[in-house]
Amino acid sequence: MGLRFIFMLTANDKTVEDAEIHLGTALAAGIHHIGFKDIGLSFERLKNLNSAIKSGGATSYLEVVSLDKKSEIISAKAAIEIGVDILMGGTNINEVLKLLKGTNIKYFPFPGKIVGYPSSLLGTVNEIVKSAKTLSLKKGVHGLDLLAYRSTCDVKTLINAVCECTEKPVIIAGSIDNRHRISNVKNSGAASFTIGSAALNGKYFSAEKNLDLQLKAIMKDVAEVNNHISKLYPKNLNHSFGEFEDIWSPRIAGQINDMQIKLVKVKGNFIWHYHKTEDELFFVHKGKLMMKFRDRDEIIKEGEFIIVPYGVEHCPVAITDVCEIVLLEPKTTINTGSIKNVRKV
Ligand code: NI
């Protein structure tokens, strides 16, 4: 699993006024994890926001900001009534766990001591780890919400230590606003991170304030740190066939799992052979190919292909002077099959 991005419809620790509009932008950008906080909008609007997140196919998160026991219990009750998928934050764990019992809500409380607004995380790495360990052992706690960048500790050391002390997933929340921080979060073993303000205030991607571009820049960086960027580019068959002249000598042009795409130029007859276990596909790019079988001959024209199943004897013959063929076959395939022949490549 790669690092997961949770987009928060929040700035300065509260849900923003235009949350519904921003939600539309986020869903259209293909974001699947979207959260908000328990303050900023009316209960009715938060409830509708949650429904819109879920009907958009995303997982919903509510992060509790209130830290005194009474308001935290009110927030947890609201989370249940709103029907969020994941409840993040909060420090009054035992009371909240009692409320969540019997619901499907997953719970990620804050380890450590949280104070102030916007929240900061107090304590040394050891103290926070101790709290993280205790919390994560509790039944009903699905993971942790670590305000790493809101602490005074060395952030990498802190995230590393917290992730190492528990098997459960750790979300890094608060104050992530650049690629360097995302990369730190990934390398320290966290499961997810949140960004709200940086994207909504147009601070993540400096070139353009527009939210859509901010979110796309974040997703590109996440894809890069997760190694989810393709290094493959289109190939042109005319160009690739133009790069070599040898006959009956396949070139590997690409690989799909255990299958290889090979390009081969053929002229005249090959030899009769079969493959013990490999099926072969012959796609004719230029020219005309005859595939001789023991019971019949088949002509394959440009733009057509034929599959030769394993175990079937065959003998390819170019009918036109030179025929350009794309082969698709398992990488273990030897061109002459089970026959020992000088034409084996
Ligand atoms: Ni063959």
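Summary table below
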| read-out | value |
| --- | --- |
| Complete set of residues in the range 52-101 that are in contact with a Pro (Cβ under 9 Å, 6 or more places away or on another chain) and small (Gly, Ala, Ser) | 89, 90 |
| Residues (closer than 12 Å to residue 270 by Cβ and more than 11 Å from the ligand (Cβ to nearest atom)) located in the range 298-324 | 317, 318, 323 |
| Identity of the residue in the range 144-198, within 22 Å of the chain's Cα centre (by Cα), open to solvent by 40 Å² or more (accessible area, probe 1.4 Å) and among the charged types (D, E, K, R), that ends up nearest to residue 1 (Cα to Cα) | 186 |
| Out of 206, 197, sole residue that is under 19 Å from residue 33 (Cα atoms) and at pLDDT below 95 | 197 |
| Residue within the range 254-267 that is in contact (Cβ under 8 Å) with a residue 24 or more places away in the chain, open to solvent by 20 Å² or more (accessible area, probe 1.4 Å) and touching a His at 6+ places or on another chain (Cβ under 7 Å) present | no |
| Of all residues in the range 79-123 being among the aliphatic types (A, V, I, L, M), assigned to a helix (DSSP H, G or I) and open to solvent by 20 Å² or more (accessible area, probe 1.4 Å), the one that is farthest from residue 172 (Cα to Cα) | 99 |
| Number of the condition not met by residue 295 [criteria: (1) within 12 Å of the ligand (Cβ to nearest atom); (2) surrounded by fewer than 19 Cβ atoms within 10 Å (Cβ to Cβ); (3) more than 40 Å from the chain's Cα centre (by Cα)] | (1) |
| Tally, over the range 253-285, of residues that are part of a strand (DSSP E or B), more than 16 Å from the ligand (Cβ to nearest atom) and more than 16 Å from residue 306 (Cβ to Cβ) | 4 |
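The values are calculated or read from the model by the stated rules, or taken from the named source; none is laboratory data. Because the structure is a prediction, the values reported are computed rather than measured. Every residue, glycine as well, gets a Cβ built from its backbone with ideal geometry; the counts of neighbours run over all protein chains shown. We work out accessible area using only protein heavy atoms, side chains counted, and drop any ligands, DNA or RNA first. Shrake-Rupley method; radii C 1.70, N 1.55, O 1.52, S 1.80 Å.
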